[in-house]
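Report on the structure given below.
We did not get these values from a lab; they are worked out from the coordinates using the rules stated. The shown structure was predicted, so the numbers you read here are calculated from the model rather than taken from an experiment. Quick reminder, even Gly has a Cβ in these numbers, built from the backbone with ideal geometry, and neighbours come from all protein chains shown.
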Amino acid sequence: MEIKDVEILENPFKHLDLIDIFILKEIRKKKAVCFQHFYYSKINKLFTIGYEGARLRFERLVKMGFLIKLSPNNPKNYAINAEKTGIIDRILLKFEELIIR
């Protein structure tokens, strides 16, 4: 599932949907999150994808390189991949521009 950064920047909404963007935006604000706490305090209240669906979203964002697991001993803690911070910021900016229009 190797997707190039340029391809994502050209059309981020082909690869990411509203839930993915919400996850990235919230984690970008906090720097790191515990999946369970994040699920019950944010995702579960806004989306009906279920616990397993949310977990799969996080895993997909890890495979895409946007998120990293903080510790192999505690795989439920995630953070933004520092190498992708600029790309994530540009995607969030594109999303905000789309909403404003």
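Given in Å, the Rg to one decimal and the Dmax to the nearest whole number for the Cα atoms of segment 15-100 are 12.4, 42. To the nearest 10 degrees, how steeply does helix 50-63 sit against the main Cα axis of the chain, on a 0 to 90 scale? Taking Cα atoms only, the helix is inclined about 60 degrees.
Given the rule -39500 (n - 2.57) for each run of at least 4 DSSP H residues, summed and divided by the residues of the chain, what is its mean residue ellipticity at 222 nm, to the nearest 500 deg cm²/dmol? If you can, show how the numbers build up before the last one.
Details: 6 runs with 57 residues, N = 101.
Computed mean residue ellipticity for the chain: -16500 deg cm²/dmol.
GNM on the chain, alpha-carbon springs under 10 angstrom: the most fluctuating residue among Ile21, Ile49, Ile68 is Ile49.
Would you work out the charge dipole size for the chain about its Cα centre, treating the Cβ of every Lys and Arg as +1 and the Cβ of every Asp and Glu as -1, and quote it to the nearest 20 debye? Mind dumping the intermediate values first?
Working: 19 positive and 13 negative charges, 80 e Å.
Charge dipole of the chain: 380 debye, to the nearest 20.
Seen against the Cα atoms of the chain and their longest principal axis, helix 85-100 is set at about 70 degrees.
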